[in-house]
Structure formats: structure tokens, C-alpha cells
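Colleague: Before I ask anything, here is the structure I am working with.
The values are calculated or read from the model by the stated rules, or taken from the named source; none is laboratory data. Just so it is clear, the model here is predicted, and its values are computed rather than measured. Don't worry about glycine lacking a Cβ; one is built from the backbone with ideal geometry, like all the others, and counts go over all protein chains shown.
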Amino acid sequence: MKRIITIILILFCIAARPILNNKKKLEPKLKAKSKVNQWSTYQGVMNWHDAKKKCASIGFRLPSSTELKQALKLNLIGSWKENADAYWTSDERSKDEAYFFEIYEDEENGEKDGFGYPYSKVTVSGNVRCIR
């Protein structure tokens, strides 16, 4: 009986080895995904095309609405209101329009939130922060 249990344990260990090895291989990928984004300083007011070029010139890019919303929830955006309430995003509505992300504070409970709305890429100037 002991021999049978020993054989079963050995077979289980052999069968489980690939699973354990896969965990080790997945760890670096998980660490890479959890990297923290780096935000630029305030870049000024410009149209969407110039904002995109400005971000690229400093090795960054325009953030998506989702990235701005995450930054807001992590309270990274709190001090940004000193510069502006709305920022360009990389999200495009059409060939001629892209989305602003507006930051607002609920006056009743003090919670901050944000939403996107479309504006002309060419004729409207918006505030710019970049991400990488």
C-alpha cells in the first residue's frame, strides 16, 4: 500500500512540474503589465494635431480617456485642475473630431469624476498632458 501511495505521489509531482514551471514563466509578463505610466508636465493649450506632435516630440503620446479616468481615480489629476479642467485625449470620434476629458467635482460629496466629449481637432484649442 505504501508503495502505491509513493508511486501516485511521484506521478503527481511529475505531472505538476509543467504547471509549476509555467507559473515562473508568467511572472515576468505580469510584472511588465503592472508598470506605472509616466505623465508629462502641463504642455499648454493647442489644437489636437499639435498636441499629438508635442507629445511625440518629448517621447510621450496623448492619453486615452480610460487612462485619464484611471489617473483621476488614483488621485493623480487633483493638482492638474490648477492648469485646466479639460484635456485632449487620443480618442478620435471621426476624422475631424477627438475627445476632451473634462474633470469635475461633485459639489455634494466632493468626489471627482470625468467624462469625454468631442470637439474639432483643428479649430478648438485644448489643454495637453502626455503619457508614456
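Colleague: So, in the range 42-64, exactly how many residues are part of a helix (DSSP H, G or I) and of a type in the set (A, V, I, L, M, F, W, C)?
Modeller: 4
Colleague: Restrict the check to the range 65-85 and report whether at least one residue is of a type in the set (A, V, I, L, M, F, W, C), in a loop (DSSP other than H, G, I, E, B), at pLDDT below 85 and surrounded by fewer than 16 Cβ atoms within 10 Å (Cβ to Cβ).
Modeller: Among the residues of the range 65-85, at least one is of a type in the set (A, V, I, L, M, F, W, C), in a loop (DSSP other than H, G, I, E, B), at pLDDT below 85 and surrounded by fewer than 16 Cβ atoms within 10 Å (Cβ to Cβ), which makes the answer yes.
Colleague: Across the range 51-69, what is the number of residues that are under 13 Å from G116 (Cα atoms) and either in contact with a His (Cβ under 9 Å, 6 or more places away or on another chain) or not β-branched (V, I, T) (or both)?
Modeller: 6
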